[in-house]
Amino acid sequence: MGDKMKINLKKLSTIICIMLVIIVIFMPMVNVFAEINTVNSENPDATTVKGFLAWGMTMSLGPLTAALATLVNVVLIVVFTLLYFIFSPISAGYAFPFPDQIIFNKIGFFDPNFINPTTVNGSPVKILQELIRNLYYTGFVIAGTVFLIAAMVIGIKLAISTIASDKAHYKQALMTWVTGLFLLFTTHFIMLIIFTVNEQIVQLISTASDSVLFQFQWTEAIPLIGKPITNIFNALTTFFGTAPVGIVNVYGYEGLLIKFGVGALGGNIIYSIVCGIILGQTCALILMYLKRLFYSIVLGMIAPLIIAADVMKKSL
């Protein structure tokens, strides 16, 4: 056994010596082969030809994709019209619940703040404000009664208990009762703070987004042939070295919608797809914020009962 270990050690030492010799020999050879060639041998004429080919491909694809973009636009207009007639009475400004209006809390219908409700007509929390308040106070009274009964039960058991472990258990139950009582009287303040902080953050983000600049050319709005005409104008202005004509500046999320809407109207299939994505996002946000509104109202009304049930479960 000892001889075998000696033989293995000799082999290992031999291998290590060979590796060290190889490293010492090849250490000065630090050149890395097959690295990327950073020398650009392309001449300016080739660059011009490539740009011309790209422009020609865009011109040739424009009429082909314009018909497809028109078909997509028809579908989008139908969906947009349906949503318009359903949600235009509750939307703000543009008679349509665009994603920015929903996210930035510009539509009173989706506002879940039932403690300090909005004054916008048609808001569910404004219509149901009295009902929500009455149900909340009813739950508060019921929860207070449950807390009173729980305090009596905990006090009696703590007084008649003679086992140390039971006394420790009921002392812990008494601490849970005190914590629950504190939450019972401060829950509406906690909800008000959450609503207020959320509204302030949303307002800051909305203000910041309004300063974002988008640009488009009015020629893009020409139906079917807007994109090819825009490409021709841009090619001519580039050739003569002049500034692009017909540039329109728009700001914020509304500017983004205008930019893509104009491009879609002009037959740009990419812009039509983006408009479809925005419309789908609108539908998803409507469902999401309706669910948020429902959960906020229901959970807010039964909050005292939830606290009372939790205290009873942990205490008794």
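Since every read-out is calculated from the coordinates, none of them should be taken as a lab result. Worth saying up front: this structure is predicted, and the values here are computed from it rather than measured. No Cβ is skipped: glycine too gets one built from the backbone with ideal geometry, and neighbour counts run over all protein chains shown.
For residues that are closer than 16 Å to TYR136 by Cα and hydroxyl-bearing (Ser, Thr, Tyr), tally how many sit in the stretch 273-306.
Selection size over the stretch 273-306: 2.
Kindly provide the set of residues from the stretch 303-316 that are exposed (fewer than 15 other Cβ atoms within 10 Å of the Cβ) and either closer than 18 Å to ASN134 by Cα or hydroxyl-bearing (Ser, Thr, Tyr) (or both), ordered by number.
Of everything in the stretch 303-316, just one residue is exposed (fewer than 15 other Cβ atoms within 10 Å of the Cβ) and either closer than 18 Å to ASN134 by Cα or hydroxyl-bearing (Ser, Thr, Tyr) (or both), namely ILE306.
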